[in-house]
1. Report, ordered by chain and residue number, the aspartates and glutamates lying within cross-link reach of Lys60, taken as a straight Cα distance under 16 Å and ignoring same-chain residues fewer than 8 apart.
2. Going down the list Lys65/Lys103; Lys29/Lys157; Lys3/Lys29, which pairs span over 25 Å between their C-alpha atoms?
3. So which residue, out of Gln166, Gln189, Gln51, gets the largest mean-square fluctuation from a GNM of the chain using Cα contacts under 10 Å as springs?
4. With every protein chain kept in the model, how would you rank Met40, Met1 by accessible area, 1.4 Å probe, largest at the top?
5. Treat every Asp and Glu Cβ in the chain as -1 and every Lys and Arg Cβ as +1, leave all other atoms uncharged, and give the resulting dipole magnitude about the Cα centre to the nearest 20 debye.
6. Once you list every other residue whose beta carbon is under 13 Å from the beta carbon of Gly128, what net charge do they have if Lys and Arg are +1 and Asp and Glu are -1?
7. Counting DSSP beta bridges in the chain, what percent are antiparallel, to the nearest 5?
8. Based solely on its DSSP helices, what 222 nm [θ] is calculated for the chain when runs of n ≥ 4 H residues each add -39,500 (n - 2.57) and the sum is averaged over all residues, nearest 500 deg cm²/dmol?
Amino acid sequence: MKKIITELVNIKAININTTTLYTWASGIKSPVYIDNRLIMGYPQLRWAIAQEFAHIIHSKLAGIKIENIFGTATAGIPHATLLGHLLQLPFGYVRSSKKGHGKQNQIEGVYQHGQRVIVIEDLISTGGSVLEVVKTLQQAGMEVVAVLAIFSYQLQKAITKFNRLQIPLYILTNFDTLIANTDILTSEQQIMLQQFHEQLNQ
């Protein structure tokens, strides 16, 4: 977990500003913003992440036949693509809503009713968007075995939602690992980020 955090800092994917706050997609104002889309510009890191995802599948989900990989649109798509290639499995992605033209698909790719599938996300904050993807796949008749993500803010809202749906969530690194890393943060930043996290979980 610490190694991945260090790599994300090195490529400037982790941004911390304790004076001008960032706005997340959920509307939350935060002193930290993580842009995992930058990973795609670094071949060794993106491949290492695909290998870590594969390791989780082989170790945590051993004995379960995974038949398809789906990424969340848009940030999960490249990682689902790499993982699907690594495991030699079909892969696709799920839009936040149906297209307004063509076949009006919300799920893109080749899939079958009853398949056991994995969902790939780049980052988990409140968990709302990725769990909408899970529900969409379930409504299409697929069994979502687990969600895999690169980073989690470890918000209680997300934990509660995943527990309610009984969907396992596996993460490569998380907020606790970030704020515990004194090579990255000053003591003042650590305190502020911890307070921010506690406020969100109240």
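The values are calculated or read from the model by the stated rules, or taken from the named source; none is laboratory data. None of these values were measured; they are calculated from a predicted model. No Cβ is skipped: glycine too gets one built from the backbone with ideal geometry, and neighbour counts run over all protein chains shown. The protein model used for the area step is the full one, side chains on, heavy atoms only, and it has no ligands, DNA or RNA in it. Shrake-Rupley method; radii C 1.70, N 1.55, O 1.52, S 1.80 Å.
1. Result set, ordered by chain and number: Glu52.
2. Exceeds cut-off: Lys65/Lys103; Lys3/Lys29.
3. Ranking Gln166, Gln189, Gln51 by mean-square fluctuation puts Gln166 first.
4. The ordering from most to least exposed comes out as Met1, Met40.
5. The dipole of the chain has a size of about 540 debye.
6. Around Gly128, the surrounding residues sum to +2.
7. 25
8. -12000 deg cm²/dmol
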